[in-house]
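The values are calculated or read from the model by the stated rules, or taken from the named source; none is laboratory data. Model, not experiment: these values are computed from the prediction. For neighbour counting, all protein chains shown are included, and Cβ atoms are generated from backbone atoms with ideal geometry for every residue, glycine included.
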């Protein structure tokens, strides 16, 4: 296959490009900006564009497929040329479906937890040498790429993102996968720039369930009222399995899972992660892994990259960074850390970085999200608000939204860094939550806070 990528440098796109290259396809691509690690990884396999920009001469009639990334615009010159030539243009999820039409598609959906659950499933499969195709939204230990495609594997495990597919395909990605086995972890309004109301967002999950294959299997989190309601009403699945937070206990900072063989220590913690584990267990069982083998493998799972990732620790302090940015994720992550380290001071820092989190209409969703922390900080950049062409956000709006009188609100990256590096972490846990970088914070420097 001859495949050309428009906007090859994206996190998802460059991983798919690498996967197709490893599969034996002839891959080319273009982009107007390239950053690490995409740049080096593409260069390693000879896929790095020779120069930045869009070049219509790369779009030729002999291309079998053109893949269009979200970074490109509708008036992209290469896209217009491909349309003019009548070439087959795919979005990222559409091409994944095209590559897996004859496989059993296992799709993990939900506003939160989907990367972790997908990662857990792949960890268990890898541990037991079970080969599967996959697409996951984080780099995993032991896996070279975030995407893997073959002609032979029976299963493909797909993280089902509800965001849009491409600039010319406004369907949510997970609407294109038509799962044989599906999971929904939880539903909490997100992506307000695309789904302006809670009802509109909820409807995307209804459609997802309607697009499952007849006679499929649905696994769902019954602790989430919205998920439970939709799952019980779904007609496509003929088998449904509900899960909840499994029995466990925390002893001296270690979580022990209640299993048929007794209490088992695990690397992860927090009710949301334990709930994710319960969902992953059902999915693995439907993929041929029995319960005992699942527990043996999951005991060594340390978490997905940037998901409650421990970056350093000593006997009396520890620092975590987490991709959490939506209200439900921030609340769950802060509560999990506070429960795990009850005897320590909890310092929680949150950067408001996404379109949704910086939208004044959405801010109220964060009410009480940071309450479990002893010290709570919210950082945001007024410049980022301006770049995103959003209404200005004031300190007073942040304080009112989070409903916490002692909340520290910062807008200057240098001031935030100086404040952070002055903190004593003795008998403390520092939690840094963001999908950004706090204006360029050096995490290696932050590590020095722990002796």
> Looking only at the stretch 400-437, which residues are surrounded by 16 or more Cβ atoms within 10 Å (Cβ to Cβ) and assigned to a helix (DSSP H, G or I)?
Replying inline: 401, 402, 413, 416, 417, 420
> Being within 30 Å of residue 180 (Cα to Cα) and part of a loop (DSSP other than H, G, I, E, B), is that true of even one residue in the stretch 314-324?
Replying inline: yes
> Restricting the stretch 64-75 to residues that are surrounded by fewer than 22 Cβ atoms within 10 Å (Cβ to Cβ) and in a loop (DSSP other than H, G, I, E, B), which is farthest from the chain's Cα centre (by Cα)?
Replying inline: 64
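Let's see how each residue does on (1) surrounded by fewer than 20 Cβ atoms within 10 Å (Cβ to Cβ); (2) assigned by TED's automatic domain parsing to the domain that holds residue 143:
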| position | (1), (2) |
| --- | --- |
| 286 | yes, yes |
| 291 | yes, yes |
| 294 | no, yes |
| 303 | no, no |
| 313 | yes, no |
| 316 | yes, no |
| 320 | no, no |
> Among the numbered criteria (1) exposed (fewer than 12 other Cβ atoms within 10 Å of the Cβ); (2) more than 30 Å from residue 203 (Cβ to Cβ); (3) modelled with pLDDT of 95 or more, which single criterion is violated by residue 246?
Replying inline: (1)
> Any residue at all in the stretch 260-275 that is in a strand (DSSP E or B), touching a helix residue (DSSP H, G or I) at 6+ places or on another chain (Cβ under 7 Å), farther than 27 Å from residue 142 by Cβ and assigned by TED's automatic domain parsing to the domain that holds residue 117?
Replying inline: no
> For the stretch 112-134, what are the residues that are in contact with a helix residue (DSSP H, G or I) (Cβ under 6 Å, 6 or more places away or on another chain) and either crowded, with 21+ Cβ neighbours inside 10 Å or under 19 Å from residue 218 (Cα atoms) (or both)?
Replying inline: 112, 113, 116, 117, 120, 121, 124, 134
> Which members of the stretch 417-436 meet the condition of being over 25 Å from residue 343 (Cβ atoms) and free of Cβ contacts under 8 Å to residues at least 60 places away in the same chain?
Replying inline: 417, 418
> Pairs under 6 Å by beta carbon, first residue without any contact (Cβ under 8 Å) to a residue 12 or more places away in the chain in the stretch 308-329, partner crowded, with 22+ Cβ neighbours inside 10 Å, six or more apart or different chains?
Replying inline: 310/320
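Listed here are the residues, each with its yes/no results for (1) surrounded by fewer than 16 Cβ atoms within 10 Å (Cβ to Cβ); (2) under 29 Å from residue 344 (Cβ atoms); (3) at pLDDT below 95; (4) more than 19 Å from the chain's Cα centre (by Cα).
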| position | (1), (2), (3), (4) |
| --- | --- |
| 252 | yes, yes, yes, yes |
| 259 | no, yes, yes, yes |
| 268 | no, yes, yes, no |
| 274 | no, yes, no, no |
| 277 | no, yes, no, no |
> Going by the conditions given, is residue 343 over 30 Å from residue 215 (Cβ atoms), surrounded by fewer than 19 Cβ atoms within 10 Å (Cβ to Cβ) and in contact with a helix residue (DSSP H, G or I) (Cβ under 9 Å, 6 or more places away or on another chain)?
Replying inline: no
> For residue 106, which of the numbered conditions (1) farther than 21 Å from residue 139 by Cβ; (2) in the same structural domain as residue 221 (by TED's automatic domain parsing); (3) surrounded by 14 or more Cβ atoms within 10 Å (Cβ to Cβ) fails to hold?
Replying inline: (1)
>> Looking at residue 245 and the list (1) within 26 Å of the chain's Cα centre (by Cα); (2) farther than 17 Å from residue 300 by Cα; (3) not in a loop (DSSP other than H, G, I, E, B), which single condition is not satisfied?
In response: (3)
> Looking at the stretch 4-63, which of its residues are in a loop (DSSP other than H, G, I, E, B) and in contact (Cβ under 8 Å) with a residue 60 or more places away in the chain?
Replying inline: 7, 8, 9, 10, 62, 63
> Only one of these conditions is not met by residue 41: (1) surrounded by 16 or more Cβ atoms within 10 Å (Cβ to Cβ); (2) more than 19 Å from residue 134 (Cα to Cα). Which number is it?
Replying inline: (2)
